[in-house]
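The values are calculated or read from the model by the stated rules, or taken from the named source; none is laboratory data. This structure is a prediction, so every number in the text was calculated from the model and none was measured. Please note: Cβ atoms are built from the backbone with ideal geometry, for glycine as well, and neighbour counts cover all protein chains shown. Just the protein is used for accessible areas: all its heavy atoms, side chains included, with ligands, DNA and RNA removed. Shrake-Rupley method; radii C 1.70, N 1.55, O 1.52, S 1.80 Å.
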Amino acid sequence: PTTIVFDYTFDKCGSDGLDLPDNTATAVWTGSELILDAANAPTVYLRRSTVGPNYFDTLKSDCALSNQFSSTKDTQPQNSDNYEWINAIYKKGDTLYGLIHQEFHDTVSQAICGPNWQSQAPDNPCWYNTITMVTSNDDGKTFTQLSSPDHIVADPPLAWDAAAMKQKPYGYMNPTNIISRVEGGTIVYYYSFFTAQIGVGTQDPTSSGICLMRTDNLDIPSSWRAWDGDGFDIPMIHPYNGANPIITNEPNCAYIHNTSLANITGHVTFNTFLQEYIMVGIGAKNDTYSPILPKPVKCGMWYARSKDLITWTPHKLVFESQFPNNQAQCTANSLITSYGSMIDQDQINDPTDPNFEKSDDTFHLYYTVFNNPPTYSDRDLVRRPVTLTKT
């Protein structure tokens, strides 16, 4: 059965209609309060609960503007302060760290960017993406951000070029939840997957894929390093000196097992029942990913498994649905969905897992349902219980 977690009609905040689930749901337990993030830009409204024992059933929208993080909406690509989604909130000590999906949409290049060039919103096709960070020391009531470019976690290798990058997103985007792992006996590394759209001037299946980055210091955004195919050695440095583009000579991040994962990035947990990592996500895929067969044949929720976060099993379909950006390629289906995450609600009782990094043989699958095509403004966040069995 499906339970509605956030009902757009009754639960949205603000008067602009933009408070809707436009993100992968992540949860944090502060010790006294449950926080759920699946928010949209430009204003990030979090869901909170202090009423137990079933905290996930008593979440309420926090609509106080003084408690929210709002996008800066800066109009310069080099500042990485445009439209900002908090894609992942992670608690360490008394600090909440948030990875930001940051979109710049060019409002200057009128002749190149087409009829919606004046809008910073996603209907402007000139789209440049970076990943940044915010922090909070009051349980997400307020967030602070270092001045640009010190807040940047991951920049793509090239600076914004409207003529070369028009009509398709370019950059590093959609960071997943943060998941930690002790390595070498004592070192704690923090990992996040992200989507890389790095094909310039062409749209082909090899121009995008899933990359992985890590850090051992969440307090320094620039300390994150991307996987290069052999180790975590790509610094993802800022391709600007002030307002001036520079040549970084930085390689693209290496895709993580692209033949298996394709583009299903969404959310990762370590499953104690399987003793493996599980990744889930919504997308349009081939059953067997192949660069010579780029057209998806199925759309819906997918999952894959891994022992080490690098090598993954081939993705498998959980359930079929339409995906908003790929409806023309999807099998007809009345269910239109996006995003996808796993939250094991029982982990609220584990003081060592405030970020719900673990799951076992029973957890909940969270995703967004779109109710009113073609505008998709009416969206609900729902959850469904999942039970794993071994065969």
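Annotation note: Cβ proximity below 9 Å between a residue of the range 153-182 that is under 16 Å from Ile89 (Cα atoms) and in contact (Cβ under 8 Å) with a residue 60 or more places away in the chain and a residue that is open to solvent by 60 Å² or more (accessible area, probe 1.4 Å) and part of a helix (DSSP H, G or I) (sequence gap 6+ or interchain) occurs for Val153/Ser222. Among the residues making up the range 134-151, a single one is in contact with a Pro (Cβ under 8 Å, 6 or more places away or on another chain) and either at pLDDT below 95 or open to solvent by less than 10 Å² (accessible area, probe 1.4 Å) (or both): His151. Looking only at residues of the range 37-75 that are closer than 29 Å to Tyr128 by Cα and aromatic (Phe, Trp, Tyr), we find that the one that is surrounded by the fewest Cβ atoms within 10 Å (Cβ to Cβ) is Phe69.
From the list Asn355, Asn372, the one residue that fits, being in a loop (DSSP other than H, G, I, E, B) and under 22 Å from the mean Cα position of the chain (by Cα), is Asn355.
Screening the range 1-66 for strands (runs of 3 or more DSSP E) wholly inside it with 1 or more residues that are more than 19 Å from Ser377 (Cβ to Cβ) and more than 22 Å from the chain's Cα centre (by Cα) returns the ranges 3-6, 47-49. Pairs are defined by a Cβ separation below 8 Å, a sequence spacing of at least 6 or placement on different chains, a first member in the range 50-62 that is closer than 21 Å to Leu365 by Cα, and a second member that is of a type in the set (Gly, Ala, Ser) and at pLDDT below 95; the pairs so defined are Thr58/Gly52. Summed over the range 158-182, residues that are under 20 Å from the mean Cα position of the chain (by Cα) and either over 13 Å from Trp127 (Cβ atoms) or assigned to a loop (DSSP other than H, G, I, E, B) (or both) total 10. For the range 152-181, the tally of residues that are of a type outside the set (Gly, Ala, Ser) and either open to solvent by 40 Å² or more (accessible area, probe 1.4 Å) or farther than 15 Å from Pro239 by Cβ (or both) stands at 14. Among the residues of the range 206-220, those that are within 18 Å of His238 (Cβ to Cβ) and open to solvent by less than 10 Å² (accessible area, probe 1.4 Å) comprise Cys211, Met213, Thr215. Answer yes or no: is there a residue in the range 182-201 that is under 17 Å from Glu103 (Cβ atoms), of a type in the set (Gly, Ala, Ser) and buried (at least 20 other Cβ atoms within 10 Å of the Cβ). The answer is yes; a qualifying residue exists.
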